[in-house]
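Encoded as structure tokens, the structure appears first; notes follow it.
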Amino acid sequence: MTSPIQSRFTRRIVSILAMGLFAGWLFDQIFPGLFIATLFYLLWSHYQLHRLLIWINAAAHKELPPPESSGLWGEIFDGIYRIQRKHSRSKQRLASVIERMQESTAALNDGIVMTDPNGSLEWWNRAAGELLGLQMPDDQGQPLTNLVRNPRFARYMDNSHGKEPIKIVSPVHESRQLQIAITVYGQGDRLLLVRDISRLHQLEIMRTDFVANVSHELRTPLTVISGYLETMEDGMAMQPDTPPIFKRALGQMQEQAARMQRLIEDLLLLSRLEATEPDRISQSVKLKPLLSGIVNDARALSGENQHQLQLECEDDASLTGDAMELRSAFSNLVYNAIRYSPCGGKVQVKWWQDQDGGHLMVQDNGVGIDPVHIPRLTERFYRVDKSRSHATGGTGLGLAIAKHVLLRHEGRITISSHPGKGSRFICHFPLSRINQASVVEV
Ligand code: ADP
């Protein structure tokens, strides 16, 4: 089927040729007549093409109406003009959407930064400029890590996939704490959300300070009470006619005082973990002696319950971190395995390395944990069975401490368990923490 344009084009050619044919017939010169008609058509088409080119060049700078023309060329000009108008209308629409987006993000109190896949700055809003000290247009195209000089931020920029937002001090205002979250999109471009969390941080510090101060203040009176309880116990031992009820009361008081002491120590440790920057963690800790010490202590804790403890760890295994913190985290896991397993239960402690990093597994065949509790297990004072935890002398802070230590070592804990069959806790550490040279003996 031919379109109206095609048929009009054919009609025009045919009529020009017919006119040439007719003029040639009149003067008895048919072929020259046809030749002149064809030449005329070619010249006319060339002239229209020339006008089209001039118009297109001029219209590239500003919108111009097309040159006047009739017939097929008139339609070509009008068609191009219609496309040009449509294009410029959608361009205007897009420009106004972008302008509104930029206006709304500029009005945000949170900073927004966009970088290319290499981490070079492409765009940022007013708040990001203020919080990170970015200057428009000087910093455009600069690598963001050159302007925000913080090792943790640089590591986060290199590998932010699936990671929690980080907190850093603002490079321009030392008193301001920033939270930065990175989202990767498109071909590896990055969108950074920068929030000023100074007030929240201040409240957090007040809370931590309060807990630390209260714990500290309780420590001295408790030491005195424990001291007197010991003296009273010695005194009672020398008086065989002491009523049994006093002996029982004294025993319970000593037990509770010891529990309070452990609680205070754990609270102080948690406050210390929260208050100090993890950047200073840089010792290379030998794991075999650390884990052997913990396993020996666990044997003592098990005592008559005769748990079977098994340790697997290469002699030269090491981990970059803080020995004291790692000892706390690992010992909490191992002691829990003892406390939540029946007499004679098996506890396996195993360290191994693979292409993902280093892993420490503590596995027992004890009471296990119902899966509904697992997501909340590392919260402070979260206990599956309060009475059991009290009976085993738990403070409810062991796993919170372990999780905190792991976070400070860029690690994480995974927990799997079957009620009645046992539990498995695995601490995962990144590769960057297991290939270090200087070794500190523990
Ligand atoms: P607690 O001092 O009460 O043991 P934790 O923070 O160490 O506190 O542990 C939190 C809770 O997780 C415990 O109360 C216990 O219910 C559960 N839990 C921890 N480890 C184990 C384990 N190996 N087997 C079974 N339950 C465990």
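The values are calculated or read from the model by the stated rules, or taken from the named source; none is laboratory data. Note that the structure is predicted; figures quoted are calculated from it, not measured. All Cβ positions, even for glycine, are placed from backbone atoms using ideal geometry, and neighbour counts span all protein chains on display.
Would you confirm, using the coordinates I've provided, whether residue 294 is of a type outside the set (Phe, Trp, Tyr), within 15 Å of the ligand (Cβ to nearest atom) and farther than 23 Å from residue 214 by Cβ?
Considered against the rule, which asks whether it is of a type outside the set (Phe, Trp, Tyr), within 15 Å of the ligand (Cβ to nearest atom) and farther than 23 Å from residue 214 by Cβ, residue 294 comes out as yes.
State which residue is surrounded by the fewest Cβ atoms within 10 Å (Cβ to Cβ) when the search covers only region 333-354 and only residues that are under 14 Å from residue 294 (Cα atoms) and under 27 Å from the mean Cα position of the chain (by Cα).
Looking at the filtered set, the residue picked out is 351.
Conditions tested, residue by residue: (1) of a type outside the set (D, E, K, R); (2) more than 12 Å from the chain's Cα centre (by Cα); (3) under 24 Å from residue 282 (Cα atoms).
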{"position": "148", "(1), (2), (3)": "yes, yes, yes"}
{"position": "153", "(1), (2), (3)": "yes, no, yes"}
{"position": "170", "(1), (2), (3)": "yes, yes, yes"}
{"position": "182", "(1), (2), (3)": "yes, no, no"}
{"position": "201", "(1), (2), (3)": "yes, yes, no"}
{"position": "209", "(1), (2), (3)": "no, yes, no"}
{"position": "221", "(1), (2), (3)": "yes, yes, no"}
{"position": "226", "(1), (2), (3)": "yes, yes, no"}
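Restricting attention to region 423-442, which residues are farther than 20 Å from residue 163 by Cα and modelled with pLDDT under 95?
Within region 423-442, 435, 436, 437, 438, 439, 440, 441, 442 qualify.
Of everything in region 341-392 that's at positive phi and within 12 Å of the ligand (Cβ to nearest atom), which residue is modelled with the lowest pLDDT?
Among those that are at positive phi and within 12 Å of the ligand (Cβ to nearest atom), it is 381.
Considering only region 318-340, how many residues are within 12 Å of the ligand (Cβ to nearest atom) and in a loop (DSSP other than H, G, I, E, B)?
The total comes to 1.
Can you name every one of the strands (runs of 3 or more DSSP E) wholly within region 348-442 that holds 3 or more residues which are among the polar types (S, T, N, Q)?
412-418
Would you check if there is a residue in region 400-417 being within 11 Å of the ligand (Cβ to nearest atom), in the same structural domain as residue 433 (by TED's automatic domain parsing) and touching a Gly at 6+ places or on another chain (Cβ under 9 Å)?
Yes, because at least one residue in region 400-417 is within 11 Å of the ligand (Cβ to nearest atom), in the same structural domain as residue 433 (by TED's automatic domain parsing) and touching a Gly at 6+ places or on another chain (Cβ under 9 Å).
Go through (1) in contact (Cβ under 8 Å) with a residue 24 or more places away in the chain; (2) more than 21 Å from residue 120 (Cα to Cα); (3) hydroxyl-bearing (Ser, Thr, Tyr) and name the single condition residue 198 misses.
Going through (1) in contact (Cβ under 8 Å) with a residue 24 or more places away in the chain; (2) more than 21 Å from residue 120 (Cα to Cα); (3) hydroxyl-bearing (Ser, Thr, Tyr) one by one, residue 198 breaks only (1).
Based on this model, can you work out whether residue 298 counts as small (Gly, Ala, Ser), outside the structural domain of residue 215 (by TED's automatic domain parsing) and in contact with a helix residue (DSSP H, G or I) (Cβ under 9 Å, 6 or more places away or on another chain)?
When the stated conditions are applied, residue 298 passes them.
Within region 347-400, track down each residue that is among the basic types (Lys, Arg) and touching a residue at least 60 places away in the same chain (Cβ under 8 Å). Please lay out each step first, then the result.
Our first condition is that a residue be among the basic types (Lys, Arg); within region 347-400, this holds for 350, 376, 380, 383, 386, 388.
The answer is 380, and nothing else.
Residues checked against (1) under 19 Å from residue 403 (Cα atoms); (2) aromatic (Phe, Trp, Tyr); (3) over 33 Å from the mean Cα position of the chain (by Cα):
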position	(1), (2), (3)
268	yes, no, no
273	yes, no, no
276	yes, no, no
284	no, no, no
295	no, no, yes
299	no, no, yes
302	no, no, yes
309	no, no, yes
319	yes, no, no
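Residues in region 51-69: is at least one assigned by TED's automatic domain parsing to the domain that holds residue 82, farther than 30 Å from residue 86 by Cα and in contact with a Phe, Trp or Tyr (Cβ under 8 Å, 6 or more places away or on another chain)? Show your work before the answer.
So the first thing to find is which residues in region 51-69 are assigned by TED's automatic domain parsing to the domain that holds residue 82, and the list is 51-69.
Now narrow it down to the ones that are farther than 30 Å from residue 86 by Cα: none.
Checked against the condition, which is being assigned by TED's automatic domain parsing to the domain that holds residue 82, farther than 30 Å from residue 86 by Cα and in contact with a Phe, Trp or Tyr (Cβ under 8 Å, 6 or more places away or on another chain), region 51-69 yields no hits at all.
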